[in-house]
Amino acid sequence: MERKAILVVDDHDAVRESLCDILSLRGYIVRSVSNGLDALSECDANLYDLVIVDIRMPGINGVESIRQIQDLLDYKPYFIAMSAYAVDVLREEADRLGVIEFFSKPLEIPKLIQAIEKILTR
């Protein structure tokens, strides 16, 4: 079976490191970046099956990152969004962009893993 590639985009080091460790142990190829601009560069340079993106980040927020990634790429990765804040407007916009799942922080890792596995076996 082909190993799936996941990009984690979050401005908090601990979240990125934890998700990378957990997902790597499950056999995924995982990279992470700390902001939306780096996410654009990373998605342009490498193929990702899934991008997990924090909605509230300094600079380019997660929704704008998703929009720009979709506009930039010839391929379409799946997106999961997450946030520690009530950001209904951004959440609605993320839904319109085709975000498949939205998780509140702190993350419930078993539910996140279940969603990732469901998405990547489509």
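Taken together, the values in this text are just the output of simple stated rules run on the coordinates, not laboratory data. None of the values given here were measured: they were computed from a predicted structure. Methodologically, a virtual Cβ is constructed for each residue, glycine included, from the backbone with ideal geometry; neighbour enumeration extends over all protein chains shown.
Observations on the model:
- Antiparallel content of DSSP bridges confined to the chain, in %, to 5: 0 percent
- Entry note, the chain: relative contact order of 22 percent, from Cα contacts under 8 Å with a spacing of 6+ residues.
- What you get for the range 16-108, charging only the Cβ of Lys and Arg (+1) and of Asp and Glu (-1), is a dipole of about 120 debye around the Cα centre.
- Neighbour-count ranking [beta-carbon atoms within 10 angstrom, fewest first] of Asp13, Asp49: Asp13, Asp49
- Electrostatic tally near Ala39: other residues with Cβ closer than 12 Å to its Cβ, Lys and Arg +1, Asp and Glu -1, net -4.
- When the Cα positions of Ala5, Pro58, Ala81 are compared along the charge dipole of the chain, Ala5 comes out farthest toward the positive end, with charges on each C-beta of Lys, Arg, Asp and Glu.
- Extension gain from Asp13 to Glu108, taking 0.36 nm per residue of separation minus the Cα-Cα distance: 32.4 nm
- For the chain, built as a Gaussian network whose Cα springs stay under 10 Å, the top-fluctuating residue of Ala39, Ala94, Ala84: Ala84
- Listing Ile66, Ile52, Ile80 from fewest to most neighbouring C-beta atoms within 10 Å gives Ile80, Ile66, Ile52.
- Sorting Met82, Met57 by the number of Cβ atoms found within 10 Å of their own Cβ, with the fewest placed first, yields Met57, Met82.
- Value of [θ]222 nm, deg cm²/dmol, for the chain, DSSP H segments ≥ 4, -39500 (n - 2.57) each, nearest 500: -13500 deg cm²/dmol
- Diffusion constant of the range 5-116 at 10 °C, which comes from Stokes-Einstein with the Kirkwood Cα-pair radius and 1.306 mPa s, µm²/s: 116 µm²/s
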